[in-house]
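Presented below is the structure to which this report refers.
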Amino acid sequence: MSFAFGIGIGTQNNQGEWLEVFYPQPIMTPETELIDVVETSLNYRGGNQAIHATAEQLTQLASALRQTGAIDQASLAEKAASSERPVVVTVLETDDTASSTPEVYLKLHLLSHRQAKPHGLKLDGIFGLLPNLAWTNEGAIDLNELPERQLKARMEGRTLEIKSVDKFPQMTDYVVPKGVRIADTARVRLGAYVGEGTTVMHEGFINFNAGTEGTSMIEGRISAGVMIGKGSDLGGGCSTMGTLSGGGNMVIAVGENCLIGANAGIGIPLGDRCKVEAGLYITAGTKVALLDDSNTLVEIIKARDLANKPDLLFRRNSQTGAVECKTNQSAIELNEELHANN
Ligand SMILES: CC(C)(COP(=O)(O)OP(=O)(O)OC[C@H]1O[C@@H](n2cnc3c(N)ncnc32)[C@H](O)[C@@H]1OP(=O)(O)O)[C@@H](O)C(=O)NCCC(=O)NCCS
C-alpha cells in the first residue's frame with residue numbers, strides 16, 4: 001500500500017524547475033490497483049517520485065484509471081491532459097523526507113485537505129525544497145524572472161499584483177475546506193489544517209503543520225506545530241509559541257474549550273477548559289503561584305509543571321503583579337497530582 005498520490009498542475013521557471021503544484025484531489029493510501037496503473041502508464045518504478053507527465057501519458061492514464069473504477073482520478077487525468085501548464089503525477093510510496101518540490105506540495109495539500117493531521121507527516125527539510133516566490137495575480141513567479149514579467153505586464157497594459165513574497169502560498173488559492181470562515185485569506189498558509197466550524201478573523205493567523213480540530217474562533221496566532229482543540233478560542237492578538245525558532249522544544253497545544261485572552265500568550269501546552277487572562281504571557285519557566293479551590297496558596301511552581309493539566313485559570317494579580325493559577329481542585333488533590341512522579 002502506497003502512502004499518498006496526487007495529479008497536479010504546476011508552475012515551472014525558465015530552467016524547468018518546479019516552483020509550486022496545485023493538487024485538486026490528493027489522496028492518502030491509494031488503492032494498489034491505482035498505483036499499478038501509474039506503473040504501466042507512466043513507467044513509475046516504485047519509491048517516492050514526481051513524474052512530469054505528457055498529454056499522451058495522461059490520456060492513457062485516464063483510461064486505465066477508469067477501468068480500475070477510480071472515476072474521480074480518471075476524470076482529473078483526462079482534464080489534465082489538455083492543461084496548458086505542466087502536469088505532475090506524484091506518488092509517495094512512504095512518508096520519507098521529501099526530495100522534490102512537488103512532493104512537499106503534496107504533503108502540504110494533504111494537511112489542508114484534512115487528510116493528515118499536523119505532526120502526522122514527516123516535514124523535515126521542506127524549507128530547502130520550497131523556493132521563495134512572488135505570489136501574484138498571474139500565479140507564482142521565480143524572483144529572478146520577476147522584473148521581466150513586471151515589465152511585460154506593464155507593456156501589455158496590465159499590472160502584476162504581488163500578494164506576497166514567501167516560500168508558502170496562502171491556503172485558499174489551493175483549497176477551501178468545508179465549513180470555514182476566513183476573513184483575511186492571506187493569513188492562513190498552505191499546510192494549515194483548518195477544522196470544520198473554524199472562523200479566522202483578520203488578526204488570526206495559521207501556519208503550516210498547525211491548526212484547529214473543529215469549532216474555534218481564531219483571532220490570534222497559531223504557530224507552526226500548534227494544534228487547537230475543539231471549542232477553544234484565541235483572543236485578539238494572542239500568541240501560541242512556536243518551536244521553529246528560539247522557542248523551547250515542548251510541543252505547544254491547546255485542549256478543548258479553552259480561552260486564551262486578547263494579547264495573551266502560551267509557551268506551554270494547555271489541557272482542557274483552561275483560561276489565560278488577557279495580556280498574560282506564560283512561558284515554560286514562568287514562576288506561578290498555584291492556588292487551590294479556596295484561593296489558598298499551595299506552592300510556587302514553574303508553568304511547565306502545569307502543562308496539559310485541565311481546568312486552570314491563569315492570571316496576573318493586578319495588585320501584586322504575581323502570576324497566579326487558580327484551579328477547582330483542593331490543595332490535597334493538587335499536591336498528590338503534582339508530586340505523583342517525584
Ligand atoms: C482572567 C479572566 C478570564 C477572569 O474572568 P472571570 O473569571 O470572569 O473573573 P471576574 O472578572 O469575574 O473576576 C472574579 C474576581 O477576581 C478578581 N480578579 C479578576 N482578575 C484579577 C486580576 N488579574 N488580579 C486580581 N484580581 C482579579 C475580580 O476583581 C473579581 O473579584 P471579586 O470576587 O472581589 O469581585 C478575564 O479577566 C479575562 O482576561 N478574560 C479574557 C477575555 C478575552 O480576552 N477574550 C477575547 C476577546 S478578543
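Any read-out appearing in this document is the output of simple, stated calculations on the displayed coordinates, not a laboratory observation. Computed from a prediction, not measured in an experiment: that's the story for all the values here. Here the Cβ is made from the backbone with ideal geometry for all residues, glycine too, and neighbour counts use every protein chain on show.
Let's see how each residue does on (1) within 14 Å of the ligand (Cβ to nearest atom); (2) within 20 Å of R187 (Cβ to Cβ); (3) in contact with a Cys (Cβ under 8 Å, 6 or more places away or on another chain):
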| site | (1), (2), (3) |
| --- | --- |
| M227 | no, yes, no |
| G237 | yes, yes, no |
| M241 | no, yes, no |
| I252 | no, yes, no |
| A284 | no, no, no |
| A289 | yes, no, yes |
| V298 | no, no, no |
Checking the condition on the phi > 0 side of the Ramachandran plot, away from the ligand (no atom under 16 Å from the Cβ) and either in a strand (DSSP E or B) or not charged (D, E, K, R) (or both), which residue from N308, N335 passes? N308
Given the condition touching a residue at least 24 places away in the same chain (Cβ under 8 Å), part of a strand (DSSP E or B), surrounded by fewer than 19 Cβ atoms within 10 Å (Cβ to Cβ) and within 16 Å of the chain's Cα centre (by Cα), answer yes or no: does some residue in the range 157-171 qualify? yes
All conditions in (1) under 25 Å from I126 (Cβ atoms); (2) surrounded by fewer than 24 Cβ atoms within 10 Å (Cβ to Cβ); (3) aliphatic (A, V, I, L, M); (4) within 16 Å of the ligand (Cβ to nearest atom) are true of A183 except (1)
Give just the number: which of (1) touching a residue at least 24 places away in the same chain (Cβ under 8 Å); (2) part of a helix (DSSP H, G or I); (3) aliphatic (A, V, I, L, M) does V21 not satisfy? (2)
Test result for E33, crowded, with 21+ Cβ neighbours inside 10 Å and either of a type in the set (D, E) or assigned to a loop (DSSP other than H, G, I, E, B) (or both): no
Could we say that A340 is free of Cβ contacts under 8 Å to residues at least 24 places away in the same chain, hydrophobic (A, V, I, L, M, F, W, C) and either more than 30 Å from R221 (Cβ to Cβ) or not in a loop (DSSP other than H, G, I, E, B) (or both) here? yes
Could you say whether any residue in the range 50-66 is within 22 Å of W18 (Cα to Cα), part of a strand (DSSP E or B), in contact (Cβ under 8 Å) with a residue 12 or more places away in the chain and not hydrophobic (A, V, I, L, M, F, W, C)? yes
